[in-house]
Amino acid sequence: MEKFALTLQSKTAIDEHMADNHLMRYEREIMAEIVSVIEKDDEKALAWFAGFGDSFQQILMNVNEHRRALEFGFTDIAFNQYGWFAAPKFLDREVIKLEQSEIRIGRGPNGIWAYALSCNYGTAGSSGPLCVFCTKYPNREAALTAALAEMKAKMSQYIGNTDTTNYKQHVLQKTLKAIAACEVSMVQLTLF
């Protein structure tokens with residue numbers, strides 16, 4: 001198989017890729033940018049895009065993640081051993097334990113904060129990474145307040161659930177109490 005190379009002659013391949021695939025909005029927008037660069041014969045800009053991968057999919061996903069990273073102030077462009085964008089490491093990372101669940105918060109270099117949740121309902125659960133695709137918050141308190149509200153909503157929706165194998169009521173109750181205690185401590189800190 002011949003290695004993919006994004007060149008000034010790639011417009012036909014781009015048109016075929018766009019016709020053969022259902023692209024997300026960000027993918028269509030990046031492809032339109034690449035077409036514009038090709039039409040302008042801008043070799044420098046095209047080389048920048050080409051540096052993000054060995055296939056259309058890899059280029060699109062890596063460029064998108066890099067641009068999301070910029071929103072948090074991460075400017076480095078690095079790739080892992082498989083050619084995918086290396087996830088930036090958030091600063092001032094904290095893990096707030098709430099019984100068997102946890103909140104992870106951190107900030108980017110520009111002071112924008114984000115959070116991720118790891119919810120344990122007993123046997124069932126959900127978790128996501130703290131990454132550049134998380135919602136942005138102006139400060140730690142706003143991120144933590146939003147995280148606590150989301151965790152409370154997730155736990156509350158299973159209170160009284162008849163599936164007590166996956167949604168253990170004592171785990172849900174203990175987590176809700178831990179959330180309430182955390183909210184009280186946040187209010188007390190603002191009073192001083």
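The values are calculated or read from the model by the stated rules, or taken from the named source; none is laboratory data. Values in this document were obtained by computation on a predicted structure and should not be read as measured data. Here the Cβ positions follow ideal geometry from the backbone for every residue, glycine too, while neighbour counts run over all protein chains shown. Ligands, DNA and RNA are stripped out before the accessible areas are found, and what is left, the full protein with its side chains, is counted by its heavy atoms. Shrake-Rupley method; radii C 1.70, N 1.55, O 1.52, S 1.80 Å.
For the reader, a short list of remarks on this structure follows.
- Between the beta carbons of Arg140 and Ala180, assuming R0 = 25 Å, the FRET efficiency works out to 0.80 to the nearest 0.05.
- log₁₀ of I(q)/I(0) at q = 0.16, 0.18 Å⁻¹ - region 23-108, Debye sum with one point per alpha carbon: -0.73, -0.85
- Normalised by the number of residues in region 10-72, the average gap of Cα pairs under 8 Å and 6 or more apart makes the relative contact order 26 percent.
- Helix-only mean residue ellipticity at 222 nm for the chain, each DSSP H run of n ≥ 4 adding -39500 (n - 2.57), per residue, nearest 500: -15000 deg cm²/dmol
- Both radii are taken from the alpha-carbon atoms of region 10-72; with Rh as the Kirkwood radius, Rg/Rh is 0.95.
- Counting only the Cα atoms, region 39-82 fills a convex hull of 93 Å³ per residue.
- Taking the centroid of alpha carbons for each part, region 1-61 and region 70-143 are 29 Å apart.
- Heavy-atom accessible surface of the chain: percent carbon and sulfur, 1.4 Å: 54 percent
- For Met151, the shell of other residues with beta-carbons less than 13 Å away shows a net charge of +2, using +1 for Lys and Arg and -1 for Asp and Glu.
- DSSP-assigned coil residues among chymotrypsin sites (Phe, Trp or Tyr not before Pro) in region 19-123, each with at most 13 further Cβ atoms within 10 Å: Tyr82
- At a probe radius of 1.4 angstrom, the accessible area of region 39-110 per residue rounds to 57 square angstrom.
- Sorted largest first, the principal axis extents computed over the alpha-carbon atoms of region 91-190 equal 45, 31, 17 Å.
- Using all pairs of distinct alpha-carbon atoms, the Kirkwood hydrodynamic radius of the chain works out to 19.5 angstrom.
- Close Lys pairs in region 1-109 (alpha-carbon distance under 23 Å; sequence gap of 8 or more, or different chains): 5.
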